[in-house]
Amino acid sequence: MERFVCVHGHFYQPPRENPWLEEVEIQESAYPYHDWNQRITAECYAPNAASRILGEDKRIVQIVNNYGKISFNFGPTLLSWLERHKPQVYLDIIESDLQSREQFSGHGSALAQCYNHMIMPLASARDKRTQIRWGVRDFELRFRRKPEGMWLPETAVDTETLEMLAEAGIKFTILAPRQAQKVRRIGSKEWTSVEGEKIDPQRAYLTFLPSGNTITIFFYDGPISRDLGFGDLLNNGEAFANRLVAAFPDKKESRIVHAATDGETFGHHHRYGDMALTYCLSFLEKNGLAKITNYAEYLNSHPAEYEVKIYEDSSWSCVHGIERWRSDCGCNSGMHAGWSQQWRAPLREAMDWLRDRLGEVFEKESGGLLADPWAVRDDYIEVVADRSEQNVNAFFVRHQAQDLSLEQKQKVLCLLEMQRHGMLIFTSCGWFFDEITGIEPSQVLAYAARAIQLAEEVSGVSLREKFAELLRNAPSNIEEFEHAADFYETYIEPMVLDLLRVGAHYAVSSLFEDYPDTTTLYTYTITRHAYERIDLGKKKLVTGRVTVRSLITWKEDTVTFVVL
């Protein structure tokens, strides 16, 4: 019997950037680090790129890039942050896919991911398609190849999503064992129920879709994966290896034992978990206990012999299906006894309403400017990945319905940014935890505020009042706030930034910093036309005139200021 082992890590953090600055601000709960991305990079992402194997004398005998040995996916928004702020870690991740291709018969270990971790069964068909296309294209631009597999956020699945994966050329995805309903050998008439996690996870399964397309599904080993994430399996690398080997049955056919868990398990949730993973894989190889593989390599040599029917609207982190992202189903962090999540349904209703209104604004205002507005949105990932003027102008040439003036280009960019933020509002973490005023719901509310601002700028249509009215139906567990609208108006709306406020920041900060004639502040360029500073003892007076320009929407304005 051939024995194969594969460990999959789902590496992901929600996008944390201020929607107006496109940078992460200080998050005090991540102390002593600046923010959670920085902290988890130090505890997990960087250590896994250079994980250590120690000898009996506790000295380092080998350093291993774990990413090249396992199957993994990274959220595109997280990779974007790593590329800007931790370039060496980013390059190590990209390089690991090249290494894995050499080890695994030309099949890279990296999987794509739906772009901003939206719960796909709850998304509109239009958003599903864009999320998949953005995820695929982002992957291609980074890893320089087409993805064979794609990770579904929270492994949340429905048939429509699988159809779109297959349509995009995706060969396989990974689900939890409880998401399988029934199986049968391909060509057989009789189905066997596998309800209650009874599916055999040691083989691939084919799903036949209504369109006639097919996609392969791997169902990870539930008990091993749970012990990885929530047990003590990472306390000892050899014990981890033995647990994997023990899962193989005494049968002659080839089998694959595979586990899937949050990538942050290896170092962030479990200290030194990266080293346990490294030792485990090394121990398996050194002792000839199993062949380390990835899903694409295994599928290439062991195509599915069974087909499977899935449970619609199911996921790996909610026993109620996908209710965790739309109702008070009882799933929460368990850290706040007595708190309810009655706010989830009203927040979902508010975001769905906003998405639909933004779509109406997008279609109306892009009329006559774009040949096919929704196809343009699908292609906008090219601009998100490269905002250079040359690339953006080439994008306009491909999609404009007429020669666009600068003002019209600014309008189109505002509309497309409105749509980008209109998808970011559905990032799954906004519903996952206990309280609507937490970091993650605050983030999706900030994206909503940015989308509302852009909609009003391009159309004059104000969506703010109705959105706030819907948020009043979302109760908070915090005494300070009766409902989400209180929090939104108190903490989120003051974040809204315009060109005048950027100019004001420049004016005030120029008292303490000597700026050049042209400078960049976050996603804005400031060009100085006039500036004078007078020191009178302890007092300082500056006067000036600058042009503030957004690098994202190209909108600009001239600000004249006096600061004492």
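Key figures for this structure:
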| item | result |
| --- | --- |
| Efficiency of FRET from Cβ geometry, Gln402 and Glu195, R₀ 45 Å, rounded to 0.05 | 0.20 |
| Net charge of neighbours whose Cβ lies under 13 Å from the Cβ of Ala530, counting Lys and Arg as +1 and Asp and Glu as -1 | +1 |
| Val461-Glu253 FRET efficiency (beta carbon distance; Förster radius 56 Å; 0.05 resolution) | 0.35 |
| Partners for Lys252 among lysines (Cα-Cα distance below 22 Å; same-chain residues under 8 apart left out) | Lys198, Lys291 |
| Read-out volume of the Cα convex hull per residue in Å³, derived from the coordinates shown; its label in (1) 179; (2) 193; (3) 149 | (1) |
| Solvent-accessible surface ranking, highest first, for Asp352, Asp127, Asp57 at 1.4 angstrom | Asp57, Asp352, Asp127 |
| Net charge of Cβ neighbours under 14 Å - reference Gln27; Lys, Arg +1; Asp, Glu -1 | -4 |
| Loop trypsin sites (Lys or Arg not before Pro), the range 47-106 (other Cβ atoms within 10 Å of the site Cβ: 15 or fewer; DSSP) | Lys58, Arg59 |
| Accessible surface, 1.4 Å probe, highest first, among residues Lys182, Lys189 | Lys189, Lys182 |
| DSSP-assigned coil residues among GluC sites (Glu not before Pro) in the range 38-127, each with at most 11 further Cβ atoms within 10 Å | Glu56 |
| Cα centroid separation, the range 126-142 to the range 379-405 (Å) | 17 Å |
| Residues of the range 129-168 with amide N under 20 Å of a point placed 7 Å along Cα→Cβ from Asp386 | 133-147 |
| Principal axis dimensions, the range 397-495 - Cα atoms, whole angstrom, descending | 54, 25, 20 |
| Charge dipole (the range 1-106, unit charges on Cβ, about Cα centre) - positive-most of Ser51, Ser96, Val5 | Val5 |
| Neighbourhood charge, 14 Å Cβ-Cβ cut-off, centred on Asn235 and excluding it, Lys, Arg +1 and Asp, Glu -1 | -2 |
| Scattering curve values for the range 27-132, log₁₀ I(q)/I(0), Debye with Cα scatterers, q = 0.18 Å⁻¹ | -1.00 |
| Residues of the range 215-240 with amide N under 20 Å of a point placed 7 Å along Cα→Cβ from Asn300 | 215-218 |
| Exposure of Arg137 as accessible area (Å², to 10), given a probe of 1.4 Å and all protein chains | 70 Å² |
| Calculated [θ] (222 nm, deg cm²/dmol) that DSSP helices of n ≥ 4 give over the chain, each run adding -39,500 (n - 2.57) | -11500 deg cm²/dmol |
| Angle in degrees between helix 439-459 and the longest Cα principal axis of the chain, rounded to the nearest 10 | 50 degrees |
| Under the Debye formula (equal points on every Cα, no solvent term), log10 I(q)/I(0) of the range 114-159 at q = 0.19, 0.20, 0.25 Å⁻¹ | -0.56, -0.61, -0.88 |
| Compactness index (Cα Rg / 2.2 N^0.38 Å), the range 304-391 | 1.67 |
| Extension gain from Leu511 to Arg184, taking 0.36 nm per residue of separation minus the Cα-Cα distance | 110.4 nm |
| Distance between modelled label sites at Glu479 and Arg528, nm, 7 Å Cα→Cβ extension | 5.1 nm |
| Centroid-to-centroid separation of the range 181-233 and the range 271-319 [C-alpha atoms, Å] | 13 Å |
| The range 432-539: trypsin sites (Lys or Arg not before Pro) falling in loop per DSSP and having at most 14 other Cβ within 10 Å | Lys538 |
| Accessible area, probe 1.4 Å, largest first, for residues Ile26, Ile217, Ile94, Ile186 | Ile26, Ile186, Ile94, Ile217 |
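The values are calculated or read from the model by the stated rules, or taken from the named source; none is laboratory data. Predicted model, so just to flag it, every value in this text is computed and none were measured. Every residue, glycine as well, gets a Cβ built from its backbone with ideal geometry; the counts of neighbours run over all protein chains shown. Just the protein is used for accessible areas: all its heavy atoms, side chains included, with ligands, DNA and RNA removed. Shrake-Rupley method; radii C 1.70, N 1.55, O 1.52, S 1.80 Å.
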